[in-house]
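The values are calculated or read from the model by the stated rules, or taken from the named source; none is laboratory data. All values derive from a computational prediction rather than experimental measurement. For neighbour counting, all protein chains shown are included, and Cβ atoms are generated from backbone atoms with ideal geometry for every residue, glycine included.
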Amino acid sequence: MDVLLHSLDMAAVPEPELVCIFGTGDLGRSLGLRLLQCGYRVVYGSRRPHECGPLPAGAEVMTHTAAAQAAGLIFICVHRDHYEFLEKMEHLLQGKVLVDLSNNLKKNMYPEANAAYLQRLVPKAFVVKGLNTLSAWALQNGLLAGKQVYLCGDSTEAKQAVAQMATKLGLTVLDKGSLSAARELEDFPLKLFPEWRLPLAIALGLSAFFFFYLLIRDVIYAYVENGNDISYRIIVSLANKVFPIVSLIMLSLCYLPGAIAAFLQLYRGTKYRRFPNWLDRWMLCRKQLGLVALGYAFFHAIYTFIIPIRYSVRHKLISTVVNEMKENKTTPFYFDNTEAWGTDSFVALGILGLFLFVLLGLTSLPSVGGTLSWREFSFIQSKLGHLTLFICTAHGYIYGWNKFLRPATYKWYTPPGYMLCLIVPSVVLVLKLLLLLPCVDLTLTRIRQGWERAKPGEEMGEMKATDL
């Protein structure tokens, strides 16, 4: 009886689906391991089945011919230069689904896409280009949850079969259409941080501008006017002025496009018209702008902490102590309540601003932002974001609160760097304040809920139609 029940249970459990992988390199082994973990049976096809090295436990290995006959879904994990053997197996691959995972070293390396070349070699197979954006490391470590992959192919049924398999692996699938899109898919892995290029270019441009600007105002001015060589300040002091300036400007650039978009919607009276391309691109890279700004803020904090251990600072303190000992007198302590309030406020706002800055950076990470509701995420990124900008801007204003009207502040008639960096955040805060006015906020909310302001001619036409 027990044997009968066991046989019935075995019959009730369907046999796992068998898939084939051509290629026993890093990508092929990692893909096979992940497929085995998801309940598939895996067979490898290799030119030398007995010399292909260690494979995932539970996988079989055989010749290309035997493996092709055993499975209907075959993953091609070999380089394009080695596709010729597939042409010799054309009769065995008829009606099979071939998933091309290959990539190239550079764009336009070949006259046609790898997947198109494969389809030409095996015309009676169903070639699907996809999963080529996955790395062996990500497959081996299971870092696939929610990762987006692309598929393209001429057979809808073949793409559905591959999409179902990819979904079981934890991937999110996006269909890019026919096999003619294979070239685009093969170019994806060759892109180097496309979303970071504009933010990094802005950061480097601002850094270079303010570095040379402050170099002229501080170091060169002191040498030309007073004959003082303070070039040693370039490494720390000058850099510690550039970091907060660039950080504050880039933080304000995260919120400036939102204000521009809001006023553009108010002017148009509708939300259904597209923004200009430059504004779209600007808004899409706001997260990267903020993270780069956070990095600059961290550099500013670290450089500020190391100021007491600098040689020039230690030398100045030691010289003061030695002079007091020689003269046998102590420098009296003069307490200035206003200066004390200004210094403490400056430090406190800097610490609070950095804390909120870090909070914004953490919530922009997918692993953290995914756990928040839409309202929570919007509150942190918008409300707390503008509060962070306000606190950091106040931090800058307090730094120079008693220097704005001093003639000595404007060396060679040029304003200091911290004054220039306050322009953009101040504009953003003023625009945000205008958007918070009840009359403006109510109109903008109605527009974003779908209301449209009718044009004068349209209103007249509607009145005439009503009168009729």
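Mind listing whichever residues of segment 234-247 are over 26 Å from the mean Cα position of the chain (by Cα) and touching a residue at least 40 places away in the same chain (Cβ under 8 Å)? Scanning segment 234-247 gives Val236, Lys241. Taking segment 35-79 and the strands (runs of 3 or more DSSP E) fully enclosed by it, the elements with 1 or more residues that are out of contact with any helix residue (DSSP H, G or I) (no Cβ under 6 Å at 6 or more places or on another chain) and over 17 Å from Pro16 (Cα atoms) are at 60-62, 73-76. The set of residues in segment 132-150 being assigned to a loop (DSSP other than H, G, I, E, B), within 15 Å of Asp187 (Cβ to Cβ) and touching a Leu at 6+ places or on another chain (Cβ under 6 Å) consists of Asn132 alone. The set of residues in segment 265-290 that are over 19 Å from the mean Cα position of the chain (by Cα), touching a residue at least 12 places away in the same chain (Cβ under 8 Å) and in a loop (DSSP other than H, G, I, E, B) comprises Gly269, Thr270, Lys271, Tyr272, Phe275. Summed over segment 406-443, residues that are under 24 Å from Phe212 (Cα atoms), surrounded by fewer than 13 Cβ atoms within 10 Å (Cβ to Cβ) and more than 30 Å from the chain's Cα centre (by Cα) total 5. On the given criteria, is Ala125 modelled with pLDDT of 90 or more, touching a helix residue (DSSP H, G or I) at 6+ places or on another chain (Cβ under 8 Å) and assigned by TED's automatic domain parsing to the domain that holds His91? Yes; evaluated as a whole, the condition is true for this residue. Of all residues in segment 386-402, none satisfies being in the same structural domain as Leu289 (by TED's automatic domain parsing), in a helix (DSSP H, G or I), hydroxyl-bearing (Ser, Thr, Tyr) and loosely packed, with under 15 Cβ neighbours inside 10 Å.
Of all residues in segment 369-381, those being in a helix (DSSP H, G or I) and either touching a residue at least 24 places away in the same chain (Cβ under 8 Å) or surrounded by 14 or more Cβ atoms within 10 Å (Cβ to Cβ) (or both) number 5.
The residue that is surrounded by the most Cβ atoms within 10 Å (Cβ to Cβ), counting only those in segment 113-130 that are assigned to a loop (DSSP other than H, G, I, E, B) and free of Cβ contacts under 8 Å to residues at least 40 places away in the same chain, is Ala125.
Would you call Ile318 farther than 23 Å from Ala259 by Cα and either surrounded by 11 or more Cβ atoms within 10 Å (Cβ to Cβ) or among the small types (Gly, Ala, Ser) (or both)? When the stated conditions are applied, Ile318 does not pass them. From the list Pro276, Pro308, the one residue that fits, being surrounded by fewer than 19 Cβ atoms within 10 Å (Cβ to Cβ), farther than 24 Å from Gly400 by Cα, at pLDDT below 95 and not hydrophobic (A, V, I, L, M, F, W, C), is Pro276. Of the residues making up segment 170-195, those that are in contact with a Cys (Cβ under 9 Å, 6 or more places away or on another chain), at negative phi and modelled with pLDDT of 90 or more are Asp175, Lys176, Ser178, Leu179, Ser180, Ala181, Ala182, Glu184, Leu185. Only a single criterion out of (1) farther than 30 Å from Ile398 by Cα; (2) modelled with pLDDT of 90 or more is not satisfied by Ala203, namely (1).
From the list Phe193, Phe188, Phe243, Phe209, the lone residue that is among the aromatic types (Phe, Trp, Tyr) and crowded, with 18+ Cβ neighbours inside 10 Å is Phe243. Screening the candidates Gly45, Gly32, Gly95 for the property of being at positive phi, touching a strand residue (DSSP E or B) at 6+ places or on another chain (Cβ under 9 Å) and at pLDDT 90 or above yields one hit, Gly95. Among the residues of segment 137-163 satisfying the criterion of being exposed (fewer than 13 other Cβ atoms within 10 Å of the Cβ) and polar (S, T, N, Q), which is farthest from the chain's Cα centre (by Cα)? Selected residue: Thr156. Report, by residue number, each residue of segment 403-427 that is on the phi > 0 side of the Ramachandran plot and either in contact with a helix residue (DSSP H, G or I) (Cβ under 9 Å, 6 or more places away or on another chain) or outside the structural domain of Val224 (by TED's automatic domain parsing) (or both). Correct list: Trp412 only. Scanning for something loosely packed, with under 11 Cβ neighbours inside 10 Å, polar (S, T, N, Q), at pLDDT 80 or above and farther than 24 Å from Trp401 by Cα, does segment 335-343 turn up at least one residue? The answer is no, given that none of the residues of segment 335-343 is loosely packed, with under 11 Cβ neighbours inside 10 Å, polar (S, T, N, Q), at pLDDT 80 or above and farther than 24 Å from Trp401 by Cα.
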